[in-house]
Amino acid sequence: MTDAVALLIGLALIALLIGLAAAESALNGISRSRAEALEEDDVHGAAELVDDLADRGRLLAPILALSLSAQLTLGALVAIVVERRFGIVWIPLAIAVLVCIMVVISESVPKTWAMRNIDRVAPSAARISRGVRAVPPLRWILPLLGWLGSFILRRTARSSGAVASEEEIVAITDAAVAAEVLDRDEGEIIQSIVDFGDTIVREVMVPRPDVLAASSDTTIDDAIAMMVERGVSRMPIYSTDIDDVRGVVHIKDLFARVQRGRGSHFVSIAQRKAVFVPETKRAADLLRELKGVPTSQVVVIDEYGGMAGIVTLEDLIEEFIGEIVDEFDAVEEPLLEPLQAGEWLVHGRIPIDEFNELIDADLPDDDWDTLGGLIFDGLGHVPEVGESITAEGFTLTVEAVEGRRITRVRAVRAGEVAEEKAELANHD
């Protein structure tokens, strides 16, 4: 074999390895759902690709077998040429140089290109795989290799659990937003859906102190006046106290009875059966259950059976798309209001995880859900205006209290405020 012939064979093998590397990357990287989308768009070869993806191990076996054969042949060819021209001692160095070159030329570059053009490469790669499988004697050898690969993949899938973790889904979403494949709002909704899986009812409910409720001996006229004043359409009805909820009334039912001249009757005659859920129930599970229940307000109970709060279908949906405000909603103070660099005015009921996310903080949220709860825990008593605690580099000062509830907190990040004061002093 002349050097020219060896060179031509080597270049042909390199070209083959480049194509096989791109095919392998595309077939490994494309998901079945993406292939089905290509099929819906009538992309040539997409229908066959969807069928082949049912057994990915069988699909990849021909590509991997050809790639391994080409690599071994190329290595042997280089060894023969080097040994003939320079001697056997230079073979290890030549193989090492070949490996470095192949990593760049036939691995990194084609695989990166294939992932960027996966919609075009994957259907073609599937056709190559089918063509190779039809060639004797590969048609008899490859089914065995495919079965072994498929068996290993199934075992790996069973042992590894989820195909993609939540962190990977979030990372992919962030990359899609950065590449303008998704709008920022779409990315935030996907992030909210991922977070929603770990959310419990206690984190989204209206807490007990904010719940409007009426005793069963309240008249219908009085109940309507209470609901109109607060701008709500439903409220729980209790017997002896708020921990003894017996039902829920809807303002439409009350108006219907007023029209029939029953405004002086007790509100209990219009109550509907209440649905109770524990505060530790997963919000995602509750959302699924509410789809089949003729109610949109649920009473949340604590571990002792007392009322912890209420949660509505609207509260759950707001976890995905943000605050929903209609023409009857009262305008509330913002949960977090920036004041100056490193300083914020915060509502006491803001969830700690939301506070951490909004201002890049790291306050502990193991024992308490809200910022007010964290301050209660730090002080060890009912706080008074002006009292403060320090946690994770923040000074949290109570600004307003209603009864025993913390309603406003001044949060100060010590480092940023000190830097700003130093800058002002330098300017002066």
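The values are calculated or read from the model by the stated rules, or taken from the named source; none is laboratory data. Just so it is clear, the model here is predicted, and its values are computed rather than measured. FYI the Cβ positions are ideal-geometry reconstructions off the backbone, even for glycines, and counts take in every protein chain you see.
For the reader, a short list of remarks on this structure follows.
- Just so you know, in the range 104-135 the residues that are of a type in the set (S, T, N, Q) and exposed (fewer than 15 other Cβ atoms within 10 Å of the Cβ) include one that is nearest to Leu13 (Cα to Cα), and it is Ser108.
- Note on the range 288-299: among residues that are within 22 Å of Ile193 (Cβ to Cβ) and surrounded by 17 or more Cβ atoms within 10 Å (Cβ to Cβ), the one that is modelled with the highest pLDDT is Val298.
- Qualifying position, being in contact with a helix residue (DSSP H, G or I) (Cβ under 8 Å, 6 or more places away or on another chain) and loosely packed, with under 15 Cβ neighbours inside 10 Å, among Asp210, Asp241, Asp253, Asp217: Asp217
- Taking the range 374-415 as the range and being surrounded by 14 or more Cβ atoms within 10 Å (Cβ to Cβ), in contact (Cβ under 8 Å) with a residue 12 or more places away in the chain and assigned to a helix (DSSP H, G or I) as the test, the residues that pass are Leu374, Ile375, Phe376, Gly378.
- No other residue among Arg184, Arg234, Arg246 is exposed (fewer than 15 other Cβ atoms within 10 Å of the Cβ) and not hydrophobic (A, V, I, L, M, F, W, C) apart from Arg184.
- Restricting attention to the range 336-352, the residues being outside any loop (DSSP other than H, G, I, E, B) and either surrounded by fewer than 15 Cβ atoms within 10 Å (Cβ to Cβ) or touching a residue at least 60 places away in the same chain (Cβ under 8 Å) (or both) number 10.
- Looking at Val5, Val50, Val43, just one residue is more than 27 Å from Ala134 (Cβ to Cβ) and hydrophobic (A, V, I, L, M, F, W, C), and that residue is Val5.
- With respect to (1) closer than 27 Å to Val194 by Cβ; (2) modelled with pLDDT under 80; (3) part of a helix (DSSP H, G or I), the lone exception for Asp367 is condition (3).
- Residues that are surrounded by fewer than 20 Cβ atoms within 10 Å (Cβ to Cβ) and either outside the structural domain of Leu396 (by TED's automatic domain parsing) or of a type in the set (A, V, I, L, M) (or both) within the range 353-373 comprise Leu358, Ile359, Ala361, Leu363, listed in sequence order.
- Filter result for Gln271 (surrounded by 18 or more Cβ atoms within 10 Å (Cβ to Cβ) and of a type in the set (S, T, N, Q)): yes
- Residues within the range 373-428 that are at positive phi and at pLDDT 90 or above, tallied: 1
- Elements of type helices (runs of 4 or more DSSP H) contained in the range 1-97, each with 2 or more residues being surrounded by 17 or more Cβ atoms within 10 Å (Cβ to Cβ) and in contact with a strand residue (DSSP E or B) (Cβ under 9 Å, 6 or more places away or on another chain): none
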